[in-house]
Amino acid sequence: MASNNNLNIIVIITMCSYIKSHVMKKFVICFVLGFLCLNVVEDFNNRAEAIQYSAINCRKHSAVLTDFGGKGDGKTSNTAAFKAAIANLSKVASDGGAQLVVPPGKWLTGSFNLTSNFTLYIDKEAVLLASQEESDYPLIDPLPSYGRGRDAEGKRFASLIFGTNLTDVVITGGNGTIDGQGEIWWKKFKSQQLKNTRPYLIEILFSNQVQISHLTLINSPSWHIHPTYSRDVIIENITVLAPIDSPNTDGINPDSCSNTRIRDSYVVSGDDCIAVKSGWDQYGIKFGVPTQHLSIKRFTCISPDSAVIALGSEMSGGIQDVRAEEIYAINSQSGVRIKTAPGRGAYVKDIYVRNLNLNTMKYVFWMTGAYGSHPDPGYDPKALPVIKNINFKDVIGKNVNIVGNLAGIKDDPFTAICISNVTVELASKKSLFEKAKKLPWNCTDIGGVSSHVVPKACDLLPEKQVNCGFPTDTLAIDKIVLKTCSV
Ligand SMILES: *[C@@H]1O[C@H](CO)[C@@H](O)[C@H](O)[C@H]1NC(C)=O
Ligand SMILES: *[C@@H]1O[C@H](CO)[C@@H](O)[C@H](O)[C@H]1NC(C)=O
Ligand SMILES: *[C@@H]1O[C@H](CO)[C@@H](O)[C@H](O)[C@H]1NC(C)=O
Ligand SMILES: *[C@@H]1O[C@H](CO)[C@@H](O)[C@H](O)[C@H]1NC(C)=O
Ligand SMILES: *[C@@H]1O[C@H](CO)[C@@H](O)[C@H](O)[C@H]1NC(C)=O
Ligand SMILES: *[C@@H]1O[C@H](CO)[C@@H](O)[C@H](O)[C@H]1NC(C)=O
Ligand SMILES: *[C@@H]1O[C@H](CO)[C@@H](O)[C@H](O)[C@H]1NC(C)=O
Ligand SMILES: *[C@@H]1O[C@H](CO)[C@@H](O)[C@H](O)[C@H]1NC(C)=O
């Protein structure tokens, strides 16, 4: 490695992207306006072409983390480099915005904050290593819609990558990696040593135009991706990997968000692969922001102890208009699960699921009206959730223990449930789930219809020759076409 931070002003008229010098292997990024080129010596092996990526918006300005003193040795902290880089690049937010490239290397860092009109690009050979020191994560207040942290009554450690009140922010890369190094946090959580709630890997609050794509996220201390109080959110081509026994390592949790699309992603985790949320009991009811207009397509999950897609349990701002299709799961506990309880209030309604392909599952359909779990004793047990218009169709299940375990709330039944065209092969006793129950369906306090369901649905879902609904319109977020940007 030769000198970094080597700024040369060169007048060139052509757009330059990568220029590989035989002697020094120089990676040259152009500030096209002003003809300012940054020569950053980096070993981008065998890369002759410009990096291209897809994003909601491209940026006029670029910089590389090493311009700000970053060191990719896996040992040096880059928190200050990220902060300096983003502070610097935030100055051009109103002048076409900027992209910050994390080049190949292992970049240890604590929590840092994003800015608007900004792209964080993590190269394919780059790994962001999350610091394991609590002091590298500032303490922030609990979310207003939760009233307290999920792990502890104190504050929350800010997520590794955090952003609030932003417009147009992209976190992407060439399938580069963000490694939460969560093991130490999981141990502290299990031994109840935490006074504050664990950090997430990525949390974006109060923002619009958010894109998180083309990355591999591993071993978050807790949830991996948490877009909250935001609109126009795109999450695509994401791989999430965490041990199947790691606590609360949910994949993607849209929380009080409007207009979100999740596409072409794959999650293996110790908790729900996707958990759709909107706040907790009295705090969520008061905050009152639903998750709505959410579309999930081509999603694969492995989660032996949790759901492929959970709706709740925190749903006190409401969840409505969720469309999920082309969903694949292997060795997971349940397909699309509704989790709620008296005290949550609000609703889960207008849920549409089709083309669900499940192999080796405890449950295909699971609804739980007695989930419990309250932030504090101040919740109102009379705040009953309304669960209605829940549609499932075109479902294939193999090696399944229980087809449907649908339990509403007494005097507050879950209604207008529609299940059609479902073929489930039950597990033999010798399969993974030894304790196969005798009853493939068990329904209480629910109502609705079924059609062409094998094994035949419970009596509370009588056969009615229907084809359950799925919206025919296209959500606004689904119409957004990404632009091709280059580094
Ligand atoms: C930060 O931005 C300014 C322009 O706003 C620029 O002059 C300066 O060189 C930048 N700092 C670094 C380390 O690149
Ligand atoms: C981001 O860019 C848009 C469009 O150019 C601009 O209107 C907006 O003011 C910029 N945001 C910030 C924070 O500078
Ligand atoms: C990020 O922003 C939040 C909220 O403004 C703040 O509390 C936190 O300290 C910031 N984090 C860093 C690393 O500066
Ligand atoms: C962010 O936006 C929310 C909602 O509009 C507002 O309550 C909060 O004060 C804003 N925070 C900052 C740091 O601007
Ligand atoms: C991204 O990397 C992960 C982990 O190495 C790998 O499993 C996944 O297939 C990769 N995705 C793509 C699209 O290359
Ligand atoms: C995203 O993932 C899908 C499905 O795996 C794949 O077909 C597509 O090429 C990926 N997109 C990019 C830009 O890598
Ligand atoms: C029933 O579901 C299967 C599997 O998803 C699908 O291939 C088939 O076309 C569906 N049948 C009807 C009548 O929709
Ligand atoms: C059926 O579900 C109800 C309510 O959740 C439960 O009390 C009952 O034990 C279940 N029956 C069987 C046979 O599992």
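The values are calculated or read from the model by the stated rules, or taken from the named source; none is laboratory data. What you see is a predicted model; the values in this text were computed from it and never measured. FYI the Cβ positions are ideal-geometry reconstructions off the backbone, even for glycines, and counts take in every protein chain you see. These accessible areas exclude ligands, DNA and RNA; they are computed on the full protein's heavy atoms, side chains included. Shrake-Rupley method; radii C 1.70, N 1.55, O 1.52, S 1.80 Å.
Descriptive notes on the structure:
- What the range 213-316 shows is 22 Å² of accessible area per residue, with the surface traced by a 1.4 Å probe over protein heavy atoms.
- The range 50-249: relative contact order as a whole-number percent, Cα under 8 Å and 6+ apart: 17 percent
- Cα-centred dipole magnitude for the chain, charges only on beta-carbon of K, R (+1) and D, E (-1), debye, nearest 20: 420 debye
- Contact order, relative form, for the range 380-487: 27 percent (alpha carbon pairs under 8 Å, 6 or more residues apart, mean separation divided by residue count).
- Relative contact order of the chain, defined on C-alpha pairs under 8 angstrom at six or more residues apart (%): 9 percent
- Estimated translational D of the range 272-487 in µm²/s (Stokes, Kirkwood radius over Cα pairs; 10 °C; 1.306 mPa s): 90 µm²/s
- Rounded to the nearest 500, the helix-only mean residue ellipticity at 222 nm of the chain stands at -1500 deg cm²/dmol, with each DSSP H run of n ≥ 4 adding -39,500 (n - 2.57).
- Counting every alpha-carbon pair across the chain, the share separated by more than 38 Å comes to 28%.
- Selected from A130, C485, T239, residue furthest toward positive end of dipole (the chain; charges at beta carbon): T239
- Whole-percent carbon and sulfur share, accessible surface of the chain, 1.4 Å: 52 percent
- Fraction of the pair-distance distribution of the range 162-209 above 14 Å, Cα-Cα pairs, percent: 64 percent
- Fraction in percent of alpha-carbon pairs per bin - 10 Å, the range 135-191: 17, 41, 34, 9
- Here the scattering of the range 50-249 is modelled by Debye summation over its C-alpha atoms, one equal scatterer each and no solvent; at q = 0.09 Å⁻¹ the log10 of I(q)/I(0) is -0.30.
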